[in-house]
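Read through the structure below, which is laid out as structure tokens, and then see the notes.
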Amino acid sequence: MGFDMQQMQSLLGQAKRQYEELRAKMARTSVEATAGAGMVAVKMSGDKQVQEIRLDPEVVKSDPEMLPDLIKAAVNEASRQVDELLRQELGSTLGGFGAGLPGLF
């Protein structure tokens with residue numbers, strides 16, 4: 001039983017195609033997270049690009065000092081949601097193998 005270079009190249013090509021498909025799927029996906037009981041909402045794509053930020057005008061008027069913290073909290077939560085979505089997608093693509101890799105995200 002020797003090393004089969006053709007088989008290795010075929011497997012690498014297949015992995016690359018799956019990676020590109022997953023990347024495209026994640027870019028088409030979006031998540032939404034809120035903070036401050038919905039006073040700040042962030043919509044983020046699956047490739048972690050912030051697409052939209054909505055602010056309740058009341059939070060801007062009543063507590064402008066709190067606004068940066070609420071924005072950060074909503075962005076961080078959206079990022080966690082993207083990570084979880086990617087974990088799930090990898091788990092189904094890799095048959096559960098990727099879900100158990102510590103430090104993957």
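Worth a mention:
- Residue list for the range 76-90, filter: surrounded by 15 or more Cβ atoms within 10 Å (Cβ to Cβ) and farther than 27 Å from E20 by Cβ: E77
- Taking first residues from the range 52-70 that are farther than 12 Å from A35 by Cβ and partners that are assigned to a helix (DSSP H, G or I), the Cβ contacts under 9 Å between residues at least 6 apart in sequence or on separate chains come to V60/L67; D63/L70.
- K48 meets all of the listed conditions (1) closer than 15 Å to L90 by Cβ; (2) of a type outside the set (F, W, Y); (3) in a loop (DSSP other than H, G, I, E, B) but one, namely (1).
- None of Q88, Q49 is within 11 Å of the chain's Cα centre (by Cα) and modelled with pLDDT under 95 except Q88.
- Within the range 11-30, residues that are without any contact (Cβ under 8 Å) to a residue 60 or more places away in the chain and surrounded by 11 or more Cβ atoms within 10 Å (Cβ to Cβ) sit with their Cβ atoms under 6 Å from residues that are assigned to a loop (DSSP other than H, G, I, E, B) and of a type in the set (D, E), at 6+ positions apart or across chains, in these pairs: A27/D47.
- Candidates are the residues of the range 1-26 that are over 17 Å from R87 (Cβ atoms) and aliphatic (A, V, I, L, M); the one that is modelled with the lowest pLDDT is M1.
- In the range 40-75, the residues that are closer than 17 Å to T29 by Cβ, surrounded by fewer than 17 Cβ atoms within 10 Å (Cβ to Cβ) and of a type in the set (A, V, I, L, M, F, W, C): V50
The values are calculated or read from the model by the stated rules, or taken from the named source; none is laboratory data. Worth saying up front: this structure is predicted, and the values here are computed from it rather than measured. Glycine also receives a Cβ, built like all others from the backbone with ideal geometry; neighbour counts cover every protein chain displayed.
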